[in-house]
Amino acid sequence: MALPNHFELLATDGTARTGLLTTPHGVVRTPAFMPVGTAGAMKGVHWREVREAGSDIVLGNTYHLMLRPGAERIAALGGLQHFTGWNGPMLTDSGGFQVMSLSELRKVSEHAVTFRSHIDGEKIELSPERSIEVQLLLGSDIAMQLDECVRLPAEPDDVERAMLLSLRWAERSKRAFETAPAGYMLFGIAQGGDLSQLRRASARGLVEIGFHGYAIGGLAVGEPQDVMLAMVEEVAAELPGDRPRYLMGVGTPEDLLEAVARGMDMFDCVMPTRNGRHGMAFTRFGQINLRNARHADDIRPLDEESAWPSTRGISRAYLHHLVRSGETLGAMLLSEINIAYYQQLMQDMREAIAQGTFESFRERARDGWAQGDIPPR
């Protein structure tokens, strides 16, 4: 039976696309960047600012939320949106990546992955069925299948084994999702490392199973950008054009721009808030390190033409002072500034695609980043 389609493609420009994804908690404009609220919170940024910056959808983390405070507790408290106060669409990842990256003591079998909690050492089993159960308890609008992620570089045989296991888990995830309320969605995840043949086989297998949308996992883990983009092209060629495409864990503004140019619709990354906490601002001039001494006497804002108040209304000198003094406000301001820049970038891309001017916008954006920030006279 064909799955319902919640995605409306509005315009294309080359292989770049813009559309609308309808969820139970609202409509998501694509291309979309999802700020990451790992444990049900955006580090240093209020939900109000996340929404005002232009975010339609955010990401929550199944692994962390199932460990603390617990999926059953969140369900009893009304679900993730009610619990957190985020009144909008939310996607949750499956927990598979965190199991692989945070738990040194883990065992992968056909049935499930067993691991020790990084919080208290408790032994926990996460199967495809349990991952879906947790995500349904959380009440996420978009759930992800459980997959096995392998660290790159890896032996081809290990990459193939994990890809095939992920496909079998995809089938089990879909069966488990049959109890989901109407309107909620499940995405499959294409694996295959940096091997084109495996990536294409994974994508074809997922399409045969059938999902509301399709994701590309296991990239942006240290491989060169050209390798990542090559894998994106391989997978995109196998995916149906009327379903949303999600590149997981990506990335820099340039990564987003280049992936949109290759037909991707959705992204997530901790970079805006993580880099903000370390004194880095994303702007149309590229990344600016507010720790540098040259900002100490600079009364200019980061970008006087920005629509975001903190970007155009606070001096670099003050931001430098906050960062160098270790003031929490510095991390908060830079995190919201970065989220606002990412969302403005996505809005600009949506408008350019709709107007048929994406390629010229792409060139202008890259030229701005390459030019860099001009020091004061």
The one condition A220 fails out of (1) buried (at least 17 other Cβ atoms within 10 Å of the Cβ); (2) hydrophobic (A, V, I, L, M, F, W, C); (3) modelled with pLDDT of 95 or more is (3)
Which residues, taken from the stretch 187-197, are aliphatic (A, V, I, L, M) and surrounded by 24 or more Cβ atoms within 10 Å (Cβ to Cβ)?
I189, A190
Would you be able to tell me the number of residues in the stretch 306-330 that are part of a helix (DSSP H, G or I), among the small types (G, A, S) and closer than 20 Å to I374 by Cα?
3
Mind counting the residues in the stretch 349-366 that are touching a strand residue (DSSP E or B) at 6+ places or on another chain (Cβ under 6 Å) and either assigned to a loop (DSSP other than H, G, I, E, B) or of a type in the set (D, E, K, R) (or both)?
2
Looking at (1) assigned to a strand (DSSP E or B); (2) farther than 30 Å from A352 by Cα, which one does A182 not meet, given that it meets all the others?
(1)
Considering every residue within the stretch 167-175, establish whether at least one is part of a loop (DSSP other than H, G, I, E, B) and within 26 Å of L9 (Cα to Cα).
no
Just wondering, is there one or more residues in the stretch 186-206 that are assigned by TED's automatic domain parsing to the domain that holds H25, in contact (Cβ under 8 Å) with a residue 40 or more places away in the chain and farther than 18 Å from M231 by Cα?
yes
So, D303, is that one assigned to a strand (DSSP E or B) and either closer than 16 Å to P376 by Cα or touching a strand residue (DSSP E or B) at 6+ places or on another chain (Cβ under 9 Å) (or both) or not?
no
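It is to be established whether one or more residues within the stretch 14-26 are more than 25 Å from I339 (Cα to Cα) and at pLDDT 95 or above.
yes
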Scanning the stretch 119-133 residue by residue, those touching a residue at least 24 places away in the same chain (Cβ under 8 Å), surrounded by 14 or more Cβ atoms within 10 Å (Cβ to Cβ) and not small (G, A, S) turn out to be I124, L126, P128, E129, I132, E133
Sole residue being closer than 25 Å to R277 by Cα, in contact with a Gly (Cβ under 6 Å, 6 or more places away or on another chain), surrounded by 15 or more Cβ atoms within 10 Å (Cβ to Cβ) and modelled with pLDDT of 95 or more, chosen from L345, L322:
L322
Conditions: (1) among the charged types (D, E, K, R); (2) part of a loop (DSSP other than H, G, I, E, B); (3) modelled with pLDDT of 95 or more. D120 meets all but one. Number of the miss?
(3)
For the stretch 94-117, how many residues are part of a helix (DSSP H, G or I) and farther than 19 Å from A190 by Cα?
1
Would you pick out the residues in the stretch 251-288 that are in contact (Cβ under 8 Å) with a residue 40 or more places away in the chain and among the small types (G, A, S)?
A261, G263, G276, G279, A281, G286
Looking at the stretch 134-154, can you tell me whether even one residue there is surrounded by fewer than 16 Cβ atoms within 10 Å (Cβ to Cβ), part of a helix (DSSP H, G or I) and of a type outside the set (F, W, Y)?
no
What residue, among those in the stretch 86-98 that are over 13 Å from G37 (Cβ atoms) and surrounded by fewer than 24 Cβ atoms within 10 Å (Cβ to Cβ), is farthest from the chain's Cα centre (by Cα)?
N87
Can you go through G213, G183, G241 and tell me which one is under 29 Å from M66 (Cβ atoms), surrounded by fewer than 23 Cβ atoms within 10 Å (Cβ to Cβ), of a type outside the set (F, W, Y) and at pLDDT 95 or above?
G183
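The values are calculated or read from the model by the stated rules, or taken from the named source; none is laboratory data. Quantities reported herein were computed from a predicted structural model and do not represent experimental measurements. Neighbour counts are summed over all protein chains in view; Cβ atoms, including those assigned to glycine, are modelled from backbone coordinates with ideal geometry.
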